[in-house]
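Notes to accompany the following structure.
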Amino acid sequence: MENRKYNILIVDDIFVNRLLLSEIIKKIGCNYTEAKNGKEAVDCLHIEDYDMVLMDIEMPVMNGLETTRFIRDKFDKPKNNIPIVALTAYNPKDFFDDYQKAGFNGLVTKPYLKGKISKVINKFCYKSI
């Protein structure tokens, strides 16, 4: 990973998941903002630029699928093309057959480990520069 500090938006309704992801992201050397649901994520994206979004699928208010579709359909370029990685504890096939058709660039399943998160950040943020 190069020296640039990536700015990551963590979207998850569960405090412990946000805490774990924020600690991993800090150890990797990136900046982060937390949102508790899709509506908060959309509000954050209106205010600030991010290099990537880590998006939980199951959340109240606005779930990850609704939020991802909203970002892809309603935001102008380049924000509508931000890398969005789905986060799930379940088999992704329980939610959708093809995460890319749903608008996600990638998928990370639990457990959320530093190596998994680092790999996905390097893969998608490097391309977004």
Seminar exercise, completed: Given Cβ charges of +1 for Lys and Arg and -1 for Asp and Glu, the option among Q100, N63, F75 whose Cα lies farthest towards the positive end of the dipole of the chain is Q100
Seminar exercise, completed: Here region 53-60 yields Karplus 3J(HN,Hα) values (6.51, -1.76, 1.60; θ = phi - 60°; whole Hz; Gly and Pro given as x) of 10, 9, 10, 5, 8, 9, 8, x
Problem set entry | GNM flexibility winner over the chain from I82, I57, I28 (Cα, springs under 10 Å) | I28
Problem set entry | Separation between Cα centres of region 4-65 and region 70-87, rounded to whole Å | 13 Å
For this session: Rounded to whole Hz and in sequence order, give me ³J(HN,Hα) for region 27-34 from the Karplus expression 6.51 cos²θ - 1.76 cosθ + 1.60, θ = phi - 60°, writing x for Gly and Pro.
Result: 5, 6, x, 9, 8, 8, 10, 10
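Whats the longest run of the chain with zero GluC sites (Glu not before Pro) that are DSSP loop and have at most 12 other Cβ atoms within 10 Å?
49-129
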Problem set entry | For mean projected area of the Cα convex hull in nm², calculated from these coordinates, the label among (i) 9.1; (ii) 7.9; (iii) 7.0 | (iii)
Seminar exercise, completed: With x for Gly and Pro, the residue-by-residue ³J(HN,Hα) of region 110-123, computed from phi through the Karplus equation 6.51 cos²θ - 1.76 cosθ + 1.60 at θ = phi - 60° and given in whole Hz, is 5, x, 7, 10, 3, x, 5, 5, 4, 4, 5, 5, 4, 5
For this session: Place a +1 charge on the Cβ of each Lys and Arg in region 1-72 and a -1 charge on the Cβ of each Asp and Glu, then give the dipole magnitude about the Cα centre in debye, rounded to the nearest 20.
Result: 160 debye
Exercise. Which of the residue pairs K27/K77; K39/K79; K5/K116 have a Cα-Cα distance greater than 21 Å in the structure shown?
Worked result: K27/K77
Seminar exercise, completed: Within the set D12, D49, D76, GNM on the chain using Cα springs under 10 Å gives the largest fluctuation to D76
For this session: Express as a percent, rounded to the nearest 5, the fraction of DSSP beta bridges in the chain (both residues included) that run antiparallel.
Result: 0 percent
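Read-outs: derived from the displayed coordinates by stated rules, not from any lab. Every value quoted in this text rests on a predicted model; they were computed, and no experiment measured them. Every residue, glycine among them, receives a Cβ derived from its backbone with ideal geometry; neighbour counts consider all protein chains shown.
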